[in-house]
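The values are calculated or read from the model by the stated rules, or taken from the named source; none is laboratory data. This structure is a prediction, so every number in the text was calculated from the model and none was measured. Reconstructed Cβ throughout: ideal geometry from the backbone, glycine too, with neighbour counts over all protein chains shown. Just the protein is used for accessible areas: all its heavy atoms, side chains included, with ligands, DNA and RNA removed. Shrake-Rupley method; radii C 1.70, N 1.55, O 1.52, S 1.80 Å.
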Amino acid sequence: MDQRPEFAAVLAARLSRRTVLAGVAGVGLAACARLPTQADAPSPRSAFRNVASGKGDSFTVADGYRHKVLARWGDSLFTGTPDFDTRSLVDNTWVTAQAVDAQQRQFGTNADAIQYFPLRTGRAARGLVCVNNEYFNMELVFTEHSGVGMRHEARKAWMAKNPHAVKFMQAAHGVSIVQLQRDADGWARFASPYSRRVTANTPMEIMGPARGHPLLRTNADPTGTRVFGTFANCSAGKTPWGTYLTSEENVDDYFGNGESQRKRASAAWVEADRRFPLRERSFYGWDEQDPRFDALQEPNEFFRFGWMVEIDPHDPKSVPRKRTTLGRLQHEGANTIVGRSGHVAAYMGDDEKFEYVYKFVTRDRFDPRNPAANRDLLDHGTLYAARFDADGGGEWLPLVHDEQGPLNTGAGFRDQGDVLVKTRAGADVLGATTMDRPEDVEPSPITGRIYVACTKSEDRGVTDQRDWFGRQTATGVNPANPRPDNRSGHIIEIAEDGDDVRATRFTWNVFLLAGKPSEARYLVDARDLAAGSPGPKDTYFGGYASAADQVEIHCPDNLGIDPQGRLWIVTDGDADDRPNNGCFVMETSGPQRGLVKQLASGPNGSEISGCEFTPDGRTLFLSIQHPGEGGSLAKPRSHWPDGNGLPARAAMVAIEREDGEPV
Ligand code: FEO
Ligand code: CA
Ligand code: CA
Ligand code: CA
């Protein structure tokens, strides 16, 4: 059925009531009064010609734009620490205690999410960026290492010869906080008092209802309140009060002996592990050199990861706080918006096949005049999982412990801490809708509409029901995941009922079925989007009529909204028969709603992430993650960004228009 008239009516009603909210600490939260209509929509700035896409080992931007590399893995963030020299990667003799020490003061590996925080110091444009450093490509850094697929015995032997390797990888993970300044040459980084590295060993505080939970207690921390570090930091967000929200995503890859532990564990441990299970062999071998990653030695350490972590970039000495209220899952990120009531919502995806979309709503109101009151705002509120209905409506299902409700002791939840440690199991009980790997979930500060990037799932619709991640679940096509064998992903658009972030009901529609428009049917009528109607390669671009105007786009991952309200999409869908990943922009309103243009194309093997604008919209920050993935040091696929035959490395870049106008 056609959901658009109803959706448009809801939007019209909500936007007419929308008010302007001003942020603090320079965090732009301006929301305009109403949705631009066809008549008054700003003339689309996406007038650039699409960048040439395809295969190639360069980062290219459309004509009329330029880019600049701002920080590469290993670049120093502090005076007195040298930049890492990738010419040393010829053997492993560089993996020393000194290298570990330096890495703690250098830009981390595999840059992912970026958030920008303007600073109000002096006249020059200055700001901080927080950048996630997600994971580590051992095959691109260590000689004689073949990466996560390396045979266990061979890896053990390699580890024995390289006793500093795990400490090095841990120092390369986490978050890099970098100060930028803009001058005539554009943005540049510099060593500043704000420079900071948060790594897999930085002390952090566990906050909220799961603080002190028995499953979070370890030999090293019998209180279950203090934890070392964060890692697997994928996407991210920021709060209205100017702090960074970094995610912990694929944390299960970092622990070993999960299967052995499962055989001897208590019933409570087995139940907590069931929906987010540990494996026997870790991907990175940290358990070989650090006992806290060995589930037999510290069985509960794993439960202390999989959270959202709040970091104050304005205070380099601040202790990061894991906010357990936001649930424990494969967190992609958390994107916030302030509602008219002053309550703050954070929208989140759980990036795994057949997992769920979540939102958290604060109990208390954000107060821009009282920073102290906002400090722990995220410790109180309600977490919800989303159910998408066939009629274009949906419901936010509260993950609240209640002996009279579904999440009670009999269902396996003794208290709210239990619900949060076992978030996925709670959402199962409530009947949330299984999604095709929900990644960034981004609310538009302009319109309040929320965009959910479902990156892909080739397992969708293969069966109707199957045993998956610890439960029997629905795996057939459903209203919000209508395409079987969904290899290119899609985007859902949501509007909260009554323009209220606290709403428990919403309306939604499919906004994009990504793919190659010329490859199969190009759908224009929303009535063709019912579950199971589209074929695996059919595409839909917001109802935009002309396939000839569109570009090929696969696997939306991170999203961003620019000051004009356009949706920016960066992709993670590398495949032999596709162009390299890129950065795209999609019109969300006006006559060109649904039109997608490609601004940038990444080097071989890379994924594009980040997608963050300065408040004036003139700079777009992107991360170029894992260039050269699929190759190795010995058989490189990429030499980006350094060229000259040097090993590839991840980096963050700034993109601007050559004429200085907003991107
Ligand atoms: Fe790390 Fe969900 O991408
Ligand atoms: Ca991602
Ligand atoms: Ca985003
Ligand atoms: Ca991804």
Cα convex hull volume per residue for the chain (Å³):
145 Å³
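At 1.4 Å probe size, put 164, 145 in order of accessible surface, largest to smallest.
Numbers: 164 65, 145 10 Å².
Final ranking, largest accessible area leading: 164, 145.
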Taking Cα centroids, how far is the range 299-315 from the range 418-483 in Å?
23 Å
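Can you check what the net charge comes to around residue 490, using other residues whose Cβ is under 12 Å from the Cβ of residue 490 (Lys, Arg +1; Asp, Glu -1)?
Numbers: positive: 437, 456, 460, 483, 487; negative: 436, 439, 493, 538.
Around residue 490, the surrounding residues sum to +1.
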Based solely on its DSSP helices, what 222 nm [θ] is calculated for the chain when runs of n ≥ 4 H residues each add -39,500 (n - 2.57) and the sum is averaged over all residues, nearest 500 deg cm²/dmol?
-3000 deg cm²/dmol
As a test question: what accessible area, to the nearest 10 Å², does residue 442 have when a 1.4 Å probe is rolled over all protein chains in place?
30 Å²
Would you list which lysines come within 28 Å of residue 359, measuring only between C-alpha atoms, while excluding same-chain residues fewer than 8 positions from it?
238, 322, 422, 456
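Note down the net charge around residue 162, summing +1 for each Lys or Arg and -1 for each Asp or Glu among other residues with Cβ under 13 Å from its Cβ. Before the final figure, lay out each step's value.
On the way: positive: 155, 156, 161, 167; negative: 91, 144, 288.
Within the 13 Å Cβ shell, the charges total +1.
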Rank these residues by their accessible area, most exposed first, probe 1.4 Å: 483, 466.
466, 483
May I ask which residue of 117, 157, 291 lies farthest towards the positive end of the charge dipole of the chain, with charges of +1 (Lys, Arg) and -1 (Asp, Glu) on Cβ and the Cα centre as origin?
117
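Suppose a student asked you for the relative contact order of the chain, using Cα pairs under 8 Å spaced at least 6 residues apart; what percent would you report?
Here the relative contact order equals 16 percent.
How long is the gain from residue 525 to residue 219 if the chain were fully straight, where each residue apart is worth 0.36 nm and the alpha carbon distance is subtracted? Kindly include the intermediate steps, with their values, before the conclusion.
Details: separation 306, 0.36 × 306 = 110.16 nm, distance 5.88 nm.
Once the chain is fully extended between residue 525 and residue 219, it gains 104.3 nm.
In terms of solvent-accessible area of protein heavy atoms at a 1.4 angstrom probe, what is the ranking of 551, 131, highest value first?
Values: 551 20, 131 0 Å².
Greatest to least solvent exposure: 551, 131.
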Quote the accessible area belonging to residue 611 in square angstrom, nearest 10, computed with a 1.4 Å probe and with ligands, DNA and RNA left uncounted.
10 Å²
Placing +1 on the Cβ of each Lys and Arg and -1 on the Cβ of each Asp and Glu in the range 458-499, which of 481, 498, 470 has its Cα farthest towards the positive end of the resulting dipole?
470
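In the neighborhood of residue 224, defined by Cβ-to-Cβ distances under 9 Å, what is the net charge if each Lys or Arg adds +1 and each Asp or Glu adds -1? Show your work: numbers first, answer last.
Values: positive: 211, 217, 226, 304; negative: 221.
Neighbour charge sum, excluding residue 224 itself: +3.
Given +1 on the Cβ of Lys and Arg, -1 on the Cβ of Asp and Glu, and no further charges, what dipole in debye does the range 181-338 carry about its Cα centre, rounded to the nearest 20? Show your work: numbers first, answer last.
Details: 22 positive and 22 negative charges, 83 e Å.
Roughly 400 debye for the range 181-338.
Let me check I have the definition right: for the range 372-481, take the eigenvalues of the Cα gyration tensor, multiply each by 5, take square roots. What are those semi-axes in whole Å, largest first? Mind showing how you got there, number by number?
Values: eigenvalues 127, 97, 31 Å².
So the three semi-axes of the range 372-481 are 25, 22, 12 Å.
Using Cα pairs closer than 8 Å and at least 6 residues apart in sequence, work out the relative contact order for the range 308-416, in percent. Before the final figure, lay out the partial values.
On the way: 181 pairs, mean separation 17.9, N = 109.
Contact order relative to length: 16 percent.
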Residue-normalised accessible area of the range 513-608, expressed per residue, 1.4 Å probe, Å²:
29 Å²
So which lysines can residue 635 reach, going by Cα to Cα under 24 Å and dropping same-chain residues fewer than 8 places off?
55, 156, 161
If we restrict to alpha carbons, what Rg and Dmax does the range 125-185 come to, in Å?
16.9, 54
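Tell me, what is a quarter of the convex hull surface for the C-alpha atoms of the range 162-221, in nm² with one decimal? Present the calculation step by step, with values, prior to reporting the outcome.
Working: hull surface 29.8 nm².
Projected over every direction and averaged, the Cα hull of the range 162-221 covers 7.5 nm².
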